[in-house]
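Colleague: Just passing along the structure, written as structure tokens.
The values are calculated or read from the model by the stated rules, or taken from the named source; none is laboratory data. Worth saying up front: this structure is predicted, and the values here are computed from it rather than measured. The accessibility values were calculated without ligands, DNA or RNA, using every heavy atom of the protein model including side chains. Shrake-Rupley method; radii C 1.70, N 1.55, O 1.52, S 1.80 Å.
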Amino acid sequence: MNDLEYLLETSPPPFIFVSDPVGPRSSAKALRSLLSSLRPQIHFVQVNAITCFTAKLFFDAVLNGLAEWKPSWEEGCANWPGTSDFARYSDSLDGFMHGIKAIHGSLCQNEGSSKLVVAIEQSERLSEKLPEMIVPLTRLAEVVQLDICVIFLSAASWEDIRPPLGAAQDPYYIDIPIQEKDGEPALQHLLSTFQAAQSEENAEANTYHPTLAPTYQTFSSVIYDICAPFTNDPEEITYVAAACWPNFIQPVLDNYQRQLEDDDSMEIDGIGFVPTQAVRNRLTRYFAPSISSALDKLYPRSTDAQAWVEATKPTEEALLHAFPDMKPEWSRNNGGLDRQQSTVPFTETEPDSRYQDLTRMAKFVLIASYIASMNPAKSDLRMFGRGLDEKKRKRRRNTRVTKTKSGPVKIPQRFLGPAVFPLDRMLAILGALLEDNDNDDDDSRPSKINFSVPGEYIDTEITRVGVYAIIMDLTSAQLLYRTTNTDKFDGPPMLKCGVSHDVVNTLAKELDVPFNDLLWDFT
């Protein structure tokens, strides 16, 4: 950022590309702070390419920012009106250029400042939503004939988003160096957030009290050691820390509450109790598995931080583990300590309401889709195939002797995530599941017609319109994901399962399906 500051203060090039593959959000904040410090000399606007997903939104955001115009609800959320010579600046690229010239002329008359800077965060999204805007933006200073600088901030490289045919101008490259393995920037960012949170009021329990700063420093080191193999982004690590810190420090606050009840003469203004190193070590050992599970859930945003805090509130067991000299019968009356709550990792052991409201056929479809996502296609015949005289499928026996082979190790599918599968393969697995696990005498079956040919009932069921309607409903509810475009006609639709193993296992128990026996790499 020092090089960028020097360029902006002296003679900025017309196009600058800042690449930060590790922490683009932190770089975006640093860029905004840098531009704000140079505001008397330059006028800037910083927009996000994700929110500006249409050309009109992008034009309005840039013009409003450069003109320092804030739309208000009382005035009808109107954009910058501009001058009288050109009415609408956001209808086309030509109008956008006229708007920039009008803003530049107005600034020169009022303040005498002529430098303009347009910064675009996550600019790699422009190649997806607005690819036609990349070339004009790179040559914006050349087109409008003004002293204006365009800055692209992206986690991708310029070669990945460069338009073809060499129409775009080559940028001035600035690469943000990858931070050292010691994680000093991430730890400093964590400590800065702790200091910033000290000013916030928390009437229930001040988890960010200044006396807890040494404990938070130890907690920050533990958080970084767990998150560093997966991400070095300070924002992501801070998000995980914000979700785990309240429960991590809760036993200390509960112990302080017990001391207040035992001794009324203690001061209530401060925490009054600094955890010793032994207490910190016990807390670290107790909550380390929960922090790892929090990273698994929060990093892909499978849940949010508030839901994680509510789902993993510490129990009295955590309090007794941190302070072994406490009396086991003591518990906090109004603080939410409950022996029946779970402190260990938040898992979806029971399906929520949207899974419980599913029909019987929809549950079979979810089980079939998970099997199709996790099992290789070549295993379908072994897992569900039938012989001429067999009634039940052949199951794979685990009698093979593993041999050590040289070369790369094959990663199991459960670590790679769900794989895509064609619709006809999932329907075939669905038919095998219904044939083996759907009882003929069950009243929940929709038809009572007697079929004479074996397998005729299953073929009729899986080709019903209702099955395809169920698949469409599950896709709309994001329990299934369609990976192919809807306007593609060649080949079957490709899908991917969107539910976890625990949810499918619970649904399989409701339907009496031997789910674990149907997985190829289950351990």
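Colleague: Compute, for residue 129, the solvent-accessible surface of its heavy atoms (probe 1.4 Å) with the complete set of protein chains present, and express it in square angstrom to the nearest 10.
Modeller: 120 Å²
Colleague: Can you compute 3J(HN,Hα) from phi for each residue in the stretch 233-241, using the Karplus curve 6.51 cos²θ - 1.76 cosθ + 1.60 with θ = phi - 60°, rounded to whole Hz and x for Gly and Pro?
Modeller: 6, x, 5, 5, 5, 5, 5, 5, 5
Colleague: Provide the gained length on full extension for the span residue 277 to residue 420, in nm with one decimal, where the gain is 0.36 nm per separating residue minus the Cα-Cα distance.
Modeller: So the chain would gain 46.6 nm between residue 277 and residue 420.
Colleague: Another question, if that's okay. Can you pick out the pairs among 56/496; 313/509; 297/378; 101/129; 29/70; 29/313 whose Cα atoms lie more than 24 Å from each other?
Modeller: Beyond 24 Å: 56/496; 313/509; 297/378; 101/129; 29/313.
Colleague: Check which residues have an amide H placed less than 5 Å from residue 150's amide H, if you skip close sequence neighbours.
Modeller: Those qualifying (amide H under 5 Å, at least 5 residues apart or on another chain) are 15, 16, 118.
Colleague: Can you give the extra length, in nm with one decimal, that the chain gains between residue 481 and residue 167 once fully stretched, where that is 0.36 nm per residue apart less the Cα-Cα distance?
Modeller: 109.4 nm
Colleague: As a test of reading the structure, rank 47, 465, 143 by solvent-accessible area (1.4 Å probe, protein chains only), most first.
Modeller: Of 47, 465, 143, the descending order of accessible area is 465, 143, 47.
Colleague: Kindly provide the pair-distance distribution of the stretch 1-129 built from C-alpha pairs, with 5 Å bins from 0 and whole-percent values in order of increasing distance.
Modeller: Going from the shortest bin to the longest, the percentages are 2, 10, 18, 22, 21, 16, 8, 3, 1, 0.
Colleague: Give me, ordered by chain and number, the residues 5 or more places off residue 139 or on other chains with an amide H under 5 Å from its own placed amide H.
Modeller: 169
Colleague: What is the set of long-range amide H partners of residue 494 at a cut-off below 5 Å, with H atoms built 1.01 Å from backbone N?
Modeller: Correct list: 483, 484.
Colleague: Using θ = phi - 60° and the Karplus curve 6.51 cos²θ - 1.76 cosθ + 1.60, what whole-Hz ³J(HN,Hα) does each residue of the stretch 284-296 get, with Gly and Pro shown as x?
Modeller: The phi angles translate into 5, 5, 6, 9, 4, x, 5, 5, 4, 5, 5, 5, 5 Hz.
Colleague: So, taking all protein chains as they sit and a 1.4 Å probe, how much accessible area belongs to residue 154, in Å² rounded to tens?
Modeller: For residue 154, the solvent-accessible surface is approximately 0 Å².
Colleague: Arrange the residues 208, 468, 370 by how much accessible surface each exposes, largest first, with a 1.4 angstrom probe.
Modeller: Final ranking, largest accessible area leading: 468, 208, 370.
Colleague: Using the Karplus equation 6.51 cos²θ - 1.76 cosθ + 1.60 (θ = phi - 60°), what ³J(HN,Hα) coupling, rounded to whole Hz, does each residue of the stretch 460-465 give in order, writing x for Gly and Pro?
Modeller: Computed from phi, the couplings for the stretch 460-465 are 6, 5, 6, 9, 6, 5 Hz.
Colleague: Please list 361, 133, 1 from largest to smallest accessible area, probe radius 1.4 Å, with all protein chains kept in place.
Modeller: Highest to lowest solvent-accessible surface, that is 1, 361, 133.
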